[in-house]
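Encoded as structure tokens, the structure appears first; notes follow it.
The values are calculated or read from the model by the stated rules, or taken from the named source; none is laboratory data. A quick note: this is a predicted structure, and the numbers were derived from the prediction, not measured. Cβ atoms come from the backbone with ideal geometry, glycine included; neighbour counts cover every protein chain shown. Ligands, DNA and RNA are stripped out before the accessible areas are found, and what is left, the full protein with its side chains, is counted by its heavy atoms. Shrake-Rupley method; radii C 1.70, N 1.55, O 1.52, S 1.80 Å.
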Amino acid sequence: MRLAHGSISDARLPDVGMRAVFGPDARRRRYLAVEAELARAQAEIGLIPEAAAEAIAASARLELLDPDRLAAEQDRTGHLMMPIIAELSRVTGEAHGGWVHWGATTQNIQQTGDVLGVRAAHAIVADLLLDVLGTLADLADTHAETVMAGRTHAQQAVPITFGFKVAAWIDAMLHHLERLEQLRDRLFVAMAGGATGTFAAMGPEGPRVQQVLAGRLGLHSMPVPSRSIADPFAELVSVLALLSATGSAIAEEIARLAAAEFGELAETLPPGDVGSSTMPQKRNSKLCMDVITIGAQLRALVPLALEAMIHPHEVDGARTAMMDEAVEQSLVLTADALVRLRDVLGGLRVFPDRMSRNLELTGGAIMAEAVMMALADALGRQQAHDLVHHAAGAAASTGRSFSEVLAEAVEHDPRVRGRLSEDRIGTLLDPATHTGCSSEIARQTAARARTAVGTRR
């Protein structure tokens, strides 16, 4: 994975075990586990002898298989599963080895085994997301009343609190947590339908075998075990892409507000960190840049996953390989991004004094909406808007303070003369008086995040 220039290396971040989930040995162990439980399920239904099932299950351990034979057979056959099946049959012994992989096809074992890996990876992602939500909840509570400029279209709009901004991040992350949970029933399924999904090799007991297999693995039974059904995997990639987009938005917002022109937020960087080889003063938002870079790579996998849904006939190996790549890479990238985002948020430096100074940049014009609403009773909303808009424009073009120009405009307009005293104007131009429900929303949303974390841990 290529990260942003001057990024934080993986070596400086904790290993959450995502890459290990998709390692070759972990993958083989899952395939062997599926073969073992398939044999036991078939024995329970009466398709194969009980003794054969127990012999297969006892032999389905990677350490019992000969790695040299596996490698040699994979080179010879060009097939991932056949060497495992052949070696498992050999280790099981002549008496029972012939019952290995009874009535199944490669993709049955691989897809079911890969689903077990996806389930483990899904748990890692969910746990990291809960970490992020817990940290966001603390930020929202701590800064529920920290007043800052709300910005729309890259311009100061009306005041908000930083806790309110964080609440918007939390709400989106809660949506993603809900989406991750909703796809579980569609995604975590066992497939054992055979070559085309009709259970032809296992006969009428095939559906029952699949149900028992699913139960033994803690999965659902795939209603139609067609190898061409891939939408749950594409859904997973799409949900992870949505999650990455929110993560990238948060990271980009933090990086922007860390710029010298804003100075409102900053990453906590490790001691000795160097931002530039030629500009010693640079303290780049490295983790944020990583999150943005990783997110772009992840979202680029969505078209691949959608393309991988399009299977001619009952299955297409190229599309299956496409989907495997999209799913694995999206999960690995999601974990990489969430680890970085968690660390950014956990060490985020917030500068309320700079937020307060930035609120003064417009000379009070950021409070134009509050003044407009105060005059709307007498003038009507539109005429009040026109009066305040004119005053704001005059202040901006002449360099005079907005409060001074506004006071003159009110004094010269007989409809509102005397309605706004100097003290009243001063109050209206105080950003802390016009944050609406920012504080309440921040605290309520923080509580929702904590509830989500508490019920899932």
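Any chance region 141-155 includes a residue that's in a strand (DSSP E or B), free of Cβ contacts under 8 Å to residues at least 60 places away in the same chain, open to solvent by 60 Å² or more (accessible area, probe 1.4 Å) and among the β-branched types (Val, Ile, Thr)? Yes. Restricting region 324-345 to residues that are surrounded by fewer than 24 Cβ atoms within 10 Å (Cβ to Cβ) and either more than 13 Å from the chain's Cα centre (by Cα) or free of Cβ contacts under 8 Å to residues at least 12 places away in the same chain (or both), the residue that is nearest to ALA251 (Cα to Cα) is LEU345. Scanning region 56-80 for residues that are outside any loop (DSSP other than H, G, I, E, B), within 26 Å of THR320 (Cα to Cα) and aliphatic (A, V, I, L, M) yields LEU62, LEU70, ALA71, ALA72.
Of all residues in region 354-368, those satisfying the criterion of being surrounded by 16 or more Cβ atoms within 10 Å (Cβ to Cβ), assigned to a loop (DSSP other than H, G, I, E, B) and of a type outside the set (S, T, N, Q) are GLY363, GLY364.
Give the number of residues within region 297-307 that are more than 30 Å from ASP138 (Cβ to Cβ) and open to solvent by 10 Å² or more (accessible area, probe 1.4 Å).
7
Exactly one residue among LEU88, LEU47 is part of a loop (DSSP other than H, G, I, E, B) and modelled with pLDDT of 95 or more, and that residue is LEU47. Any chance region 321-344 includes a residue that's assigned to a helix (DSSP H, G or I) and touching a strand residue (DSSP E or B) at 6+ places or on another chain (Cβ under 6 Å)? Looking for residues that are assigned to a helix (DSSP H, G or I) and touching a strand residue (DSSP E or B) at 6+ places or on another chain (Cβ under 6 Å), one finds none in region 321-344, hence no. Would you confirm, using the coordinates I've provided, whether PRO232 is within 30 Å of ILE310 (Cβ to Cβ), surrounded by 15 or more Cβ atoms within 10 Å (Cβ to Cβ) and at pLDDT 95 or above? Yes; evaluated as a whole, the condition is true for this residue.
Residues that are surrounded by 20 or more Cβ atoms within 10 Å (Cβ to Cβ) and among the hydrophobic types (A, V, I, L, M, F, W, C) were ranked within region 86-114; the one that is farthest from the chain's Cα centre (by Cα) is TRP99. Screening ILE310 with (1) part of a helix (DSSP H, G or I); (2) open to solvent by 30 Å² or more (accessible area, probe 1.4 Å) gives one miss only, at (1).
Remark: VAL16 matches the filter, which requires a residue to be open to solvent by less than 70 Å² (accessible area, probe 1.4 Å) and outside any helix (DSSP H, G or I).
Against the criterion of being over 29 Å from ILE292 (Cβ atoms), in contact with a helix residue (DSSP H, G or I) (Cβ under 7 Å, 6 or more places away or on another chain), among the β-branched types (Val, Ile, Thr) and assigned to a loop (DSSP other than H, G, I, E, B), VAL371 does not qualify.
Name the residue, out of GLY163, GLY134, GLY117, GLY103, that is in contact (Cβ under 8 Å) with a residue 40 or more places away in the chain and on the phi > 0 side of the Ramachandran plot. From the options GLY163, GLY134, GLY117, GLY103, the qualifying one is GLY103. Looking across region 372-402 at every residue that is open to solvent by 90 Å² or more (accessible area, probe 1.4 Å) and within 20 Å of PRO431 (Cα to Cα), the one that is farthest from the chain's Cα centre (by Cα) is identified as HIS389.
Taken together, the residues in region 403-448 that are closer than 30 Å to TRP169 by Cβ, part of a helix (DSSP H, G or I) and open to solvent by 70 Å² or more (accessible area, probe 1.4 Å) amount to 5.
Counting the residues of region 165-187 that are open to solvent by 10 Å² or more (accessible area, probe 1.4 Å) and within 23 Å of SER226 (Cα to Cα) gives 4.
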